[in-house]
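Encoded as structure tokens, the structure appears first; notes follow it.
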Amino acid sequence: MADDTSVKPNTDDKQNDIAVIEMEHLKKSFETNQVLRDINMKVYKGENLVILGKSGTGKSVLIKCIVGLIDYDAGKLVIFGKDVAEQNQKELIEIRKRIGFLFQNSALYDSMTVRENLEFPLKRQLKKTPKDEIDKLVKEALDNVGLADTIDKMPSELSGGMRKRLGLARTLILKPEIMLYDEPTTGLDPITSREISKLIQEVQTKYDTSSIIITHDIECAKLTASRIVVLKDGICAAEGSYAELENSTDEWIKSFFFIINLDKFYERVIWKKELRIKSDWEYLLP
Amino acid sequence: MENIITNKSQNENQEAESAPDKISETVYNSIFSRFFLETASIAMFTGRFFKEAFKPPYEFNELLKQSFSIGYKSLPLVSITGFIIGLVLTIQTRPTLAKFGAESWAPGMVAVSLIREIGPVITALIFAGKVGSGIGAELASMNVTEQIDAMQVSCSNPFKYLVVTRVLAATLMLPLLVIYSDAVGLLGSFVGVNLKGSVSLHLFMTQIFHSLEFYDMYPAFLKTFFFGFSIGIVGCYKGYNSNKGTEGVGKAANSAVVFASLMVFLIDMIAVQITSLFQK
Ligand SMILES: Nc1ncnc2c1ncn2[C@@H]1O[C@H](COP(=O)(O)OP(=O)(O)O)[C@@H](O)[C@H]1O
Ligand SMILES: [Mg+2]
């Protein structure tokens, strides 16, 4: 157990900030599989909180609990100062309207064109909006992510990076106050990954969103994080800024950063054969 | 907090001690409880359908789109099978009737069996194979790729958009297809009659309508709504609740067809019983 090794959170400068999401002793298990054992976490207004963790540690489960795709078993979840357990269905929908979710594989509606993908949530949330208004919003959303010329294409005609951008545009078109990103750069090449990371950063400054970014891409974490939480065995095992964690003397955290780098290394060498192995050795170094 | 955990593990221990022998438990868990659980959850799914179907806003555009694609795409298959069934039925009936010198009854007999029973059931089975599996696979793949979750998160009701429209479309389209298939079947029968001997279309029609009664058409037409509804519900249920894995898509499509076909026979049996109650 590495419980006693967790880095003390550096919350001094956050003390006065408003927490938009608070989790206290959040638990979730699937039958005998205890995924979330005791999650205590706060997301402050305007920050990018990065959650790191190995595959299968329950990162996706955690953010799905926030939007209500998965019900948590026990504990307390407070969003915008309201305890989720005490809200009725209508109030929950009102809360969820203010949260955007970017799915791991973008979850584009592949029977619809790009335009219809963007119109779909708009037409259902802003009923009675005139058509030219919707057109304008769609165009604007696509411009924001640099996809203006794909409006009449099908999602299957887009590349992985473009799909991620479209997914992001579809989420942002509803002007969410909280953004949840589930592994936004996984499966993308390094250059596109960096573009997406920058886009996430831009979104945060432009719309003043508070975000949770799940990733095991250390570069993405470096570019986007204002704070990092590391999940391990269903609890928050470490917390701090990127620099704090990277320079941590704790063996486990160090190894964690190392493993992430190793993952990246394998991903690049094995999947992206065009990359030279030689230049990739640097990724092995923490 | 620790108390809760220890309590829980104690309960588990107790349960483990008092559990009946393994095999019967496994059989129970695997067959009976799953059967009842499945039945209960389909019933709940159907209940949810009725709850959502009547609540505005309605997805008219999607309903039209689904109706078109569900109906139109089944047309070629239904035409071919309907025609062949009518033709074959006539050719097969003919020798038997000829023995009694009652060849002129052939069109009437074929018409009655086609319209009462064979047309609706065969068309429904084809429909289950084509549309039921299609819906199952489509919704399952949307489930796997988290498209359904995405709709949910953007607060657009996926049940309404995906399930209600498809079930309604299936319910409305199957009766039309059955009528069409009956007509094509009768055409096949007309061709069959004319393969040996010649019967004018006028005579053929007179023979048919002589032996058909209102009671042949009405219940047969009515039950096709139930066929269509159950095929739609089963397909949607299997797809909507599929496993989140690639194998879930195939499984959903497969079990949708099997289960929907079974439902068609079950409903048919019930429908025949009910009709026979009223016919005397
Ligand atoms: N709907 C579900 N039903 C059962 N188990 C699930 C479900 N969703 C996730 N799990 C389990 O929860 C664990 C964590 O999954 P996940 O949150 O997807 O991991 P990751 O951190 O890679 O995102 C996994 O062991 C997975 O099997
Ligand atoms: Mg995940």
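Projecting the Cα atoms of A:226, A:212, A:186 onto the dipole axis of the range A:186-231, where Lys and Arg carry +1 and Asp and Glu carry -1 at the beta carbon, places A:226 farthest toward the positive end.
Distance between the modelled labels on residue B:210 and residue B:273, one decimal in nanometres: 3.7 nm (7 Å Cα→Cβ projection). Near residue B:113: Cβ cut-off under 13 Å, other residues only, Lys/Arg at +1 and Asp/Glu at -1. The net charge is -2.
Restricting attention to the range A:72-162, which trypsin sites (Lys or Arg not before Pro) occupy a DSSP loop and are surrounded by at most 12 other Cβ atoms within 10 Å? Spell out each step's value before the answer.
Numbers: sites: A:76, A:82, A:90, A:96, A:97, A:98, A:115, A:123, A:124, A:127, A:128, A:131, A:136, A:139, A:153; in loops: A:98, A:127, A:128, A:153.
Sites meeting the loop and neighbour criteria: A:127, A:128.
Calculate what fraction, in whole %, of the accessible area of the range B:19-112 sits on carbon and sulfur atoms when a 1.4 Å probe is rolled over the protein chains.
On the way: 4680 of 6380 Å².
Carbon and sulfur atoms account for 73 percent of the accessible area of the range B:19-112.
Per-residue surface analysis assigns residue A:84 an accessible area of about 20 Å², computed on protein heavy atoms at 1.4 Å probe radius.
On the beta carbon distance between residue B:246 and residue B:41, with R0 = 25 Å, the FRET formula returns roughly 0.65.
How much length, in nm to one decimal, is gained on full extension between residue A:205 and residue A:30, taken as 0.36 nm per residue of separation minus their Cα-Cα distance? List each step's numbers first, then the result.
Details: separation 175, 0.36 × 175 = 63.00 nm, distance 3.72 nm.
Taking 0.36 nm per residue and subtracting the Cα distance, the gain is 59.3 nm.
Working note: Cα atoms of the protein assembly as shown, range along each principal axis, descending, whole Å: 102, 66, 50.
Chain B contacts chain A over a buried accessible area of about 1700 Å², both sides summed; the probe is 1.4 Å and only protein chains count. With each label modelled as a point 7 angstrom along the Cα→C-beta vector, the residue B:65-residue B:201 pair spans 3.9 nm.
Grab the other residues whose beta carbon is less than 11 angstrom from that of residue B:56, score K and R as +1, D and E as -1, and report the net.
Taking every Cβ under 11 Å from that of residue B:56, the sum is +1.
Each part reduced to its alpha carbon centroid, the range A:199-228 and the range A:14-77 end up 17 Å apart. Label reach from residue B:221 (point 7 Å along Cα→C-beta): in the range B:89-119, amide nitrogens under 18 Å belong to B:111-119. Do any residues of the range B:150-184 lose at least 30 Å² of accessible area when the full set of protein chains is present rather than just their chain alone, and if so which, with a 1.4 Å probe? The answer is B:150, B:151, B:153, B:154, B:155, B:156, B:161 - residues whose exposure falls by at least 30 Å² when every protein chain is included.
In chain B, Cα pairs under 8 Å separated by at least six residues give a relative contact order of 29 percent. Approximating the spin labels as points 7 Å out from Cα along Cα→Cβ, the residue A:151-to-residue B:191 distance works out to 5.0 nm. In the range B:158-280, what percent of the accessible surface is made up of carbon and sulfur (1.4 Å probe, ligands and nucleic acids excluded)? That fraction is 74 percent. Can you give the net charge of the other residues whose Cβ lies under 10 Å from the Cβ of residue A:192, counting K and R as +1 and D and E as -1? Once all neighbours under 10 Å are counted, the net charge is +1.
Please work out the average accessible area per residue across chain B, using the 1.4 Å probe convention, and give it in Å². It would help to have the intermediate numbers written out before the result.
Details: 15540 Å² over 280 residues.
Accessible surface, normalised per residue, equals 55 Å².
Determine how large the accessible area of residue A:23 is when every protein chain is in place; take a 1.4 Å probe and give Å² rounded to the nearest 10. Counting only protein heavy atoms, residue A:23 exposes about 10 Å² to solvent. Accessible area of residue B:44 (1.4 Å probe, protein heavy atoms only, ligands and nucleic acids ignored): about 140 Å².
At a cut-off of 10 Å², which residues of the range A:111-136 become less accessible once all protein chains are present than in their chain alone, using a 1.4 Å probe? Buried by the other chains: A:111, A:112, A:120, A:121, A:124, A:125, A:127.
Give the ranking of A:207, B:72 by solvent-accessible surface, highest area first, calculated with a 1.4 Å probe. Numbers along the way, then the final one.
Working: A:207 70, B:72 140 Å².
Solvent-accessible surface, decreasing: B:72, A:207.
Which helices, counted as full DSSP H runs in chain B, have an axial Cα extent of no less than 15 Å and a Kyte-Doolittle average of -0.5 or above? Walk me through the numbers before you get to the answer.
On the way: long enough: B:2-18 (24 Å, -1.79); B:34-53 (28 Å, 0.35); B:60-99 (56 Å, 0.64); B:133-144 (16 Å, 0.72); B:165-195 (44 Å, 1.53); B:201-211 (16 Å, 0.75); B:214-240 (39 Å, 0.70); B:246-279 (50 Å, 1.21).
Helix filter hits for chain B: B:34-53, B:60-99, B:133-144, B:165-195, B:201-211, B:214-240, B:246-279.
The values are calculated or read from the model by the stated rules, or taken from the named source; none is laboratory data. Since this is a predicted model, take the numbers as computed values, not measurements. As a convention, Cβ positions derive from the backbone with ideal geometry for all residues, glycine included, and neighbour counts pool all protein chains shown. The accessibility values were calculated without ligands, DNA or RNA, using every heavy atom of the protein model including side chains. Shrake-Rupley method; radii C 1.70, N 1.55, O 1.52, S 1.80 Å.
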